[in-house]
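K.L.:
Take a look at the following structure, please.
The values are calculated or read from the model by the stated rules, or taken from the named source; none is laboratory data. Every value quoted in this text rests on a predicted model; they were computed, and no experiment measured them. When we count neighbours, we look across all protein chains shown, and the Cβ atoms used for this are built from the backbone with ideal geometry, even at glycine.
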Amino acid sequence: MTDAREAIAVDVNPGPVPLLEPREGIPPVVTDAGALAETVAAFASGDGPVAVDAERASGYRYGQRAYLIQLRRAGAGTALIDPIACPDLTALGTALADAEWVVHAATQDLPCLAEVGMRPARLFDTELAGRIAGFPRVGLGPMTENVLGYSLAKEHSAVDWSTRPLPEPWLRYAALDVEVLVELRDALEQELDSQGKLDWALEEFAAIAAAPPPAPRVDPWRRTSGLHKVRRRRQLAAVRELWQLRDRVARERDVSPGRVLSDAAIVAAALAMPATAQALQAVQGFGPRVHRRQLEQWLAAVERARAVPEAELPPATAPHDGPPPPRAWADKDPVAAARLSGARAAVSALAEEHGLPAENLITPDLVRRVSWEPPAEADAEAVAAALRGRGARRWQVELVAPALAAAFAAAGKDA
């Protein structure tokens, strides 16, 4: 088989070159202790960065655990590891402790990798690098094509990776996902360096690697899609009861919660507050196909919501420790609203000037918090201290603090 790079060299106008087969073929999936020990030894003796990817079964299984882990490193080749058969990969994580990990969209994969004992000390996130470099499309496929000139087929990205045995076309797809990831990293490093943004990216990567595990979400049921339609606290209690029951059933069955009951059905039942199984069956999402016993289970959740004492009903809005929603600022604090408006405009202009998304220049939440409670002396130095105190990186502070200080000063003069 002709190497893709040779094809690029001889074709005057080749267009993207399809990556169809891994260079060394599809490796066997690691499923036992012996094969895992060989893999650990091979990757420990490899050279340079290690490409890392993970496949989950989102939409099929409960949670976000990894069902396949792919690695590639110079001197070691490619490895495909079944983390269900080999659930403890601490030895592999230790073997790679000194290596830089190359991951695409690291915040998506790092939690499931940590579950099996793999945590990077250093990383290079090719998706985030693309954002900082100003690429309009930062998925792995578009980035590989735009930066390296190779096209990756992505038809298996949303399949059920908990399937066993995994079909060969899926394994080929998985191996190709790490085939040129280190090459993509090297090209992006050069691009960032040429734009004067490499230090920015390295700060971001270091922050991701050092970040603690995310804290459990408070009131996760409030993320139910369509919850904004539910106005009454009693109905919110029904959403909570139905969501918690669905979550328990999904965990027991090890299926995605959406396959147990849709968000739309939860909201519809909460709005209707049916009193009988027949009335519940008339609600969208609880039709004739729902077994009588299941109907009674969902109806019992609605009844529990109906029985909650008034004082224990969930509040109409989620508790939060930050400023109020921006739409309420004009009434609560017009000067703060003016600060926020000016700050947003300043951040947008600065992001456009430097060619990266505004949310990567500084998080919108951080802009809101500093605009709502600015330092007493809102000069650039004080704003910089406020940003640092809320977790902004050095490069962000240096760029954003003067712009925010100027916006705050202008808002104060107009007040």
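K.L.:
Please work out which residue is modelled with the highest pLDDT, limiting yourself to the range 297-321 and to residues that are closer than 30 Å to Trp372 by Cα and surrounded by fewer than 10 Cβ atoms within 10 Å (Cβ to Cβ). Lay out the reasoning, then the answer.
P.N.:
Our first condition is that a residue be closer than 30 Å to Trp372 by Cα; within the range 297-321, this holds for 313-321.
Narrowing the set further to residues that are surrounded by fewer than 10 Cβ atoms within 10 Å (Cβ to Cβ) leaves 315, 319-321.
Values: Pro315: 95, Pro319: 80, His320: 79, Asp321: 81.
Step by step, filter the range 297-321, then rank; the result is Pro315.
K.L.:
May I pose another question? For the range 281-326, give me each residue that is touching an Asp or Glu at 6+ places or on another chain (Cβ under 9 Å), within 20 Å of Lys229 (Cα to Cα) and among the hydrophobic types (A, V, I, L, M, F, W, C).
P.N.:
If the condition is that a residue be touching an Asp or Glu at 6+ places or on another chain (Cβ under 9 Å), within 20 Å of Lys229 (Cα to Cα) and among the hydrophobic types (A, V, I, L, M, F, W, C), then Ala301, Val302, Ala305, Ala318 are the ones that fit.
K.L.:
Here is a further query. Filter the range 52-62 for residues that are assigned to a loop (DSSP other than H, G, I, E, B) and at pLDDT 95 or above; which is surrounded by the most Cβ atoms within 10 Å (Cβ to Cβ)?
P.N.:
Filtering the range 52-62 down to residues assigned to a loop (DSSP other than H, G, I, E, B) leaves 57-62.
Retained after the next criterion (residues that are at pLDDT 95 or above): 57, 60-62.
Working: Ala57: 22, Tyr60: 18, Arg61: 19, Tyr62: 18.
Within the range 52-62, the match that is surrounded by the most Cβ atoms within 10 Å (Cβ to Cβ) is Ala57.
K.L.:
Then there is this: Within the range 96-138, take every residue that is farther than 16 Å from Leu356 by Cβ and charged (D, E, K, R) and give me the one that is surrounded by the fewest Cβ atoms within 10 Å (Cβ to Cβ).
P.N.:
The qualifying residue surrounded by the fewest Cβ atoms within 10 Å (Cβ to Cβ) is Asp98.
K.L.:
Do you know which residues across the range 97-120 are under 19 Å from the mean Cα position of the chain (by Cα) and either of a type in the set (Gly, Ala, Ser) or outside any helix (DSSP H, G or I) (or both)?
P.N.:
Trp101, Val102, Val103, His104, Ala105, Ala106, Ala114, Val116, Met118, Arg119, Pro120
K.L.:
What number goes with the only condition from (1) of a type in the set (Asp, Glu); (2) surrounded by 12 or more Cβ atoms within 10 Å (Cβ to Cβ); (3) over 18 Å from the mean Cα position of the chain (by Cα) that Glu204 does not pass?
P.N.:
Going through (1) of a type in the set (Asp, Glu); (2) surrounded by 12 or more Cβ atoms within 10 Å (Cβ to Cβ); (3) over 18 Å from the mean Cα position of the chain (by Cα) one by one, Glu204 breaks only (3).
K.L.:
Tally up the residues in the range 345-357 that are assigned to a helix (DSSP H, G or I) and either surrounded by 18 or more Cβ atoms within 10 Å (Cβ to Cβ) or on the phi > 0 side of the Ramachandran plot (or both), please.
P.N.:
At the first step, the residues of the range 345-357 found to be assigned to a helix (DSSP H, G or I) are 345-354.
From what's left, either surrounded by 18 or more Cβ atoms within 10 Å (Cβ to Cβ) or on the phi > 0 side of the Ramachandran plot (or both): 346-347, 350-351.
Number satisfying all stated conditions: 4.
K.L.:
Next up: Does Ala328 fit the bill of being farther than 30 Å from Arg304 by Cα, over 26 Å from the mean Cα position of the chain (by Cα) and free of Cβ contacts under 8 Å to residues at least 24 places away in the same chain?
P.N.:
Yes.
K.L.:
Within the range 172-226, track down each residue that is farther than 29 Å from Ala153 by Cα, in contact with a Pro (Cβ under 8 Å, 6 or more places away or on another chain) and of a type outside the set (A, V, I, L, M, F, W, C).
P.N.:
Pro213, Pro214, Asp219
K.L.:
Let me ask you something else. Within the range 11-25, is there a residue that is of a type outside the set (Val, Ile, Thr), in contact (Cβ under 8 Å) with a residue 60 or more places away in the chain, part of a strand (DSSP E or B) and in the same structural domain as Thr144 (by TED's automatic domain parsing)?
P.N.:
Yes, the range 11-25 has at least one match.
K.L.:
Being among the hydroxyl-bearing types (Ser, Thr, Tyr), out of contact with any Phe, Trp or Tyr (no Cβ under 8 Å at 6 or more places or on another chain) and without any contact (Cβ under 8 Å) to a residue 40 or more places away in the chain narrows it down to one of Thr90, Thr107, Thr78, Thr126, so name that one. It would help to see each step written out before you state the result.
P.N.:
Details: Thr107 fails: without any contact (Cβ under 8 Å) to a residue 40 or more places away in the chain; Thr78 fails: without any contact (Cβ under 8 Å) to a residue 40 or more places away in the chain; Thr126 fails: without any contact (Cβ under 8 Å) to a residue 40 or more places away in the chain.
Of Thr90, Thr107, Thr78, Thr126, the one residue that is among the hydroxyl-bearing types (Ser, Thr, Tyr), out of contact with any Phe, Trp or Tyr (no Cβ under 8 Å at 6 or more places or on another chain) and without any contact (Cβ under 8 Å) to a residue 40 or more places away in the chain is Thr90.
K.L.:
Something else about it: Go through (1) farther than 28 Å from Asp160 by Cα; (2) within 21 Å of the chain's Cα centre (by Cα); (3) β-branched (Val, Ile, Thr) and name the single condition Thr224 misses.
P.N.:
(1)
K.L.:
Let me ask you something else. If Ala153 meets every condition in (1) at pLDDT 95 or above; (2) surrounded by fewer than 22 Cβ atoms within 10 Å (Cβ to Cβ); (3) of a type in the set (A, V, I, L, M) apart from one, which number is that one?
P.N.:
(1)
K.L.:
Further question: I'd like to check something: does the range 368-380 contain any residue that is within 29 Å of Asp125 (Cβ to Cβ), without any contact (Cβ under 8 Å) to a residue 24 or more places away in the chain, of a type outside the set (Asp, Glu) and part of a helix (DSSP H, G or I)?
P.N.:
The answer is no; no qualifying residue exists.
K.L.:
Where in the range 145-239 are the helices (runs of 4 or more DSSP H), entirely inside, with at least 3 residues that are in contact (Cβ under 8 Å) with a residue 12 or more places away in the chain, more than 27 Å from Leu68 (Cβ to Cβ) and in contact with a helix residue (DSSP H, G or I) (Cβ under 6 Å, 6 or more places away or on another chain)?
P.N.:
198-210
K.L.:
While we're here: From the set of residues in the range 73-96 that are part of a strand (DSSP E or B) and farther than 16 Å from Ala35 by Cα, which is farthest from the chain's Cα centre (by Cα)?
P.N.:
Ala74
K.L.:
Which residues, taken from the range 249-299, are touching a residue at least 24 places away in the same chain (Cβ under 8 Å), among the β-branched types (Val, Ile, Thr) and either assigned to a loop (DSSP other than H, G, I, E, B) or not assigned by TED's automatic domain parsing to the domain that holds Arg232 (or both)?
P.N.:
Residue satisfying the conditions is Val255 alone.
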